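Report on the structure given below.
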């Protein structure tokens, strides 16, 4: 369950953190609240129906129901993000953006709210199956504490990053945004995981030291023979009735060996030794450190993709087709299209790549029993007991541990020929080397993308798409027609610019900038058939009447010059100097041109 929950929370965190708050939510606050309450009610009802169903009669069926509803809770949570624009309402938690981690905490709390409804409905089934009595609140709190370690590292690193950004030093903030800053944050992350995470988990999971006695002494002696040091804790996972063990912590001082009471009660001393040998194998093979670097690998890969991805999206015609079809806010659409490939990458990475390595790490830990004990008989016997007592799960597959049957078969294979142990070690080490080179190659390949060139190539196209969308939403608003006309003129699409300006005039007949820009187009069009110096003069005069500004006076002066009225052109340009002295140099050049040159084929730009 822990590995499955890891995936669910990773998806929830990723979806929330990559979403951007809109300027206004699609639904008003009142409707949004009603839909949100409907979501909660629907999920609550579905969860109740599933846990009241007759098939939830065993621990295996309980876990299947919980898994199914956890996925459904995730879908409802994603719905609140994209349908209800929940980030818009949580944005004030960030204190005007100074501490975004508080907004992230709000998002995590919202996901926990859906899960809490699941646990509320699951309580009665849980009490019957595990023979334990809970109040509703205590059961929900116990489940929150069990899952909180999954999100703690992310929240801690976010909190540290936000605090560092508040340091009033531009140089420090610049360094923090550089690769060196990433290394600093990763160092803080590792420090937290090594020193603080294991003790926190110990408290949250309510793990207690194993009582003094012959059994504990026997286990400690076994650990000492293996040159292994760790505090041994009783792990009350699902009331301690699950047959499992675990290891947590990288350095011995903060390392804990976790064993459930059910495992101690069920296994013989030799079988417990074999289970301990497996957990010790994780430490000896450095798996806990390798897990950390596998997480780092994904962070580096996703981080390298995050910068060019929006520009790749904007350079694709698919984005503009979707924008036209869905009439979605462009920023929201970019966020969704950017999040989807990264989300797919994350799911593929953790389900298949990370899953491949942790499966093979588990097999490596299984094989450590040959070194610590000499044979696999006790571990095979322990696995057989776990398979039977857990509901005959011997043939059941597992994406993160291999199935118990598969693990037993491989141990028996190695028992017959020990060369398979060496071969598996080589396989793991070769896979890690391949992972490193592929990761470096992939990141290097992504960094070859010329982000600046992409940005320049998509700017105008994106601006046009946004303006076209605004025009579809408000077809009678002349401002959008005028701005599209300006953009068309900038792109040298003069015929289209003229059409948009003419249409805009129907809605904004007294807009000075519209008169000015249309006059400029009629004076400077590269297509001679579009030029109309007489109409340009009329428009320019109207523009100056409506608003006397330097650039508008310059257009009027150019219109006078085009109509062979040189004196008027020079006098008007002198007025432009008085109105806009900052651009004196440009206007003086215009005066010289009006005095010495004849209007003909001229090109220009929007003023």
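The values are calculated or read from the model by the stated rules, or taken from the named source; none is laboratory data. The shown structure was predicted, so the numbers you read here are calculated from the model rather than taken from an experiment. Ideal geometry is used to build each Cβ from the backbone, glycine not excepted, and the neighbour counts take in all protein chains shown.
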Right, residue 117: modelled with pLDDT of 95 or more, closer than 30 Å to residue 134 by Cβ, surrounded by fewer than 16 Cβ atoms within 10 Å (Cβ to Cβ) and out of contact with any strand residue (DSSP E or B) (no Cβ under 8 Å at 6 or more places or on another chain) or not?
no
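For segment 346-357, does any single residue satisfy the condition of being closer than 18 Å to residue 271 by Cβ, outside the structural domain of residue 21 (by TED's automatic domain parsing), at pLDDT 95 or above and buried (at least 16 other Cβ atoms within 10 Å of the Cβ)? Full working, then the answer.
Start the filter on segment 346-357 by keeping residues that are closer than 18 Å to residue 271 by Cβ, which leaves none.
No, that holds for no residue.
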Matching residues in segment 127-145 - criterion: being in a helix (DSSP H, G or I) and at pLDDT below 90:
127, 128, 129, 130
Among the residues of segment 147-170, count how many are closer than 21 Å to residue 117 by Cα and without any contact (Cβ under 8 Å) to a residue 60 or more places away in the chain.
2
Segment 205-231, residues that are in contact with a helix residue (DSSP H, G or I) (Cβ under 6 Å, 6 or more places away or on another chain) and farther than 23 Å from residue 131 by Cβ
222, 226, 228, 229
Among the candidates 258, 219, 264, 224, residue that is at negative phi and in a strand (DSSP E or B):
258
Looking for something exposed (fewer than 14 other Cβ atoms within 10 Å of the Cβ) and either out of contact with any helix residue (DSSP H, G or I) (no Cβ under 6 Å at 6 or more places or on another chain) or over 26 Å from residue 188 (Cβ atoms) (or both) - is there at least one such residue anywhere in segment 143-157?
no
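Buried (at least 20 other Cβ atoms within 10 Å of the Cβ) and in a helix (DSSP H, G or I): is that true of residue 369 in this structure?
Values: buried (at least 20 other Cβ atoms within 10 Å of the Cβ): yes; in a helix (DSSP H, G or I): yes.
So residue 369 fits the description; yes.
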With crowded, with 20+ Cβ neighbours inside 10 Å, part of a helix (DSSP H, G or I), modelled with pLDDT under 90 and in the same structural domain as residue 493 (by TED's automatic domain parsing) as the only criterion, which of 590, 578 stands out?
590
Quick check: is even one residue across segment 363-376 farther than 21 Å from residue 247 by Cα and free of Cβ contacts under 8 Å to residues at least 60 places away in the same chain?
yes
Quick check on my filter: what residues within segment 53-64 are in contact (Cβ under 8 Å) with a residue 60 or more places away in the chain and part of a helix (DSSP H, G or I)?
59, 60, 62, 63
In the list 406, 452, which residue meets the criterion of being surrounded by 16 or more Cβ atoms within 10 Å (Cβ to Cβ), in the same structural domain as residue 357 (by TED's automatic domain parsing) and either touching a strand residue (DSSP E or B) at 6+ places or on another chain (Cβ under 8 Å) or free of Cβ contacts under 8 Å to residues at least 12 places away in the same chain (or both)?
406
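For segment 385-394, what are the residues that are under 18 Å from residue 259 (Cα atoms) and either assigned to a helix (DSSP H, G or I) or modelled with pLDDT of 95 or more (or both)? Reasoning before the result, please.
Step one: filter segment 385-394 for residues under 18 Å from residue 259 (Cα atoms), giving 385-387, 389-390.
Across segment 385-394, the qualifying residues are 385, 386, 387, 389.
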